[in-house]
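The values are calculated or read from the model by the stated rules, or taken from the named source; none is laboratory data. Owing to the predicted nature of the structure, the values given are computational and were not obtained by experimental measurement. Counting neighbours? That spans all protein chains shown, and the Cβs are built from the backbone with ideal geometry, glycine included. Note: areas computed on protein heavy atoms with side chains; ligands, DNA, RNA excluded. Shrake-Rupley method; radii C 1.70, N 1.55, O 1.52, S 1.80 Å.
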Amino acid sequence: MDVAIRNEIILIAFLALSVILFLCNFGIVGKIGDAVSTFMFGIFGLMAYIMPVLLFLAIAFGMSNVGNDIATRKLIAGIILIFIMSMVFELMSAGYTEEDTYQLGEIYQRCSEKRNGGGILAGSAAFALYDLLGMVGTILAMIVVGLICAVIVTD
């Protein structure tokens, strides 16, 4: 099969998957969709709403720029920016205090039920940074990394 046709078939399949995942978040796909939505919110938090779109765009960008090192760097920097945004959502919704302990199940349950926060991925990173650097250090580190990634993405 020709590489271009294969890539188009893969993109169409990922577009269909992204649309289904997107619709799951709004309760349109039924019971299985609700379960998928709960899982996505537990993993990605508030970003679960746009994660299907971002997934498709990242795959399309990556496929159209195979072998291009600059595009690969931009894609990785964009993914890190999305991750930092998820960490911001987690810090805004979780209300960490000095006495809090890390509980993966609690982060997952809170994000999947309330449909907010950063999910277990960004929630774990946010808690670790908060535990090591405090709130001010965490925010400063996220700003610095975010600015570096923004410079890489925009050249």
Checklist entry - Looking at this structure, is T138 in contact (Cβ under 8 Å) with a residue 40 or more places away in the chain, surrounded by 13 or more Cβ atoms within 10 Å (Cβ to Cβ), assigned to a helix (DSSP H, G or I) and hydroxyl-bearing (S, T, Y)? => result yes
Item to check | Total residues in the range 81-135, condition open to solvent by 40 Å² or more (accessible area, probe 1.4 Å), of a type in the set (A, V, I, L, M, F, W, C) and over 15 Å from the mean Cα position of the chain (by Cα) | outcome: 7
Checklist entry - If we only count helices (runs of 4 or more DSSP H) wholly inside the range 1-117, which ones have 2 or more residues that are touching a residue at least 40 places away in the same chain (Cβ under 8 Å) and closer than 25 Å to A150 by Cα? => result 31-44, 51-64, 69-94
Checklist outcome for this item: The residue that is nearest to K114 (Cα to Cα), considering only those in the range 1-55 that are out of contact with any Cys (no Cβ under 7 Å at 6 or more places or on another chain) and among the hydroxyl-bearing types (S, T, Y), is T38
Checklist entry - Restricting attention to the range 47-64, does a residue exist that is open to solvent by 40 Å² or more (accessible area, probe 1.4 Å), over 27 Å from I120 (Cβ atoms) and in contact with a helix residue (DSSP H, G or I) (Cβ under 7 Å, 6 or more places away or on another chain)? => result yes
Item to check | Residues of the range 50-101 satisfying the condition of being closer than 27 Å to I9 by Cα, aromatic (F, W, Y) and touching a Phe, Trp or Tyr at 6+ places or on another chain (Cβ under 8 Å) | outcome: F56
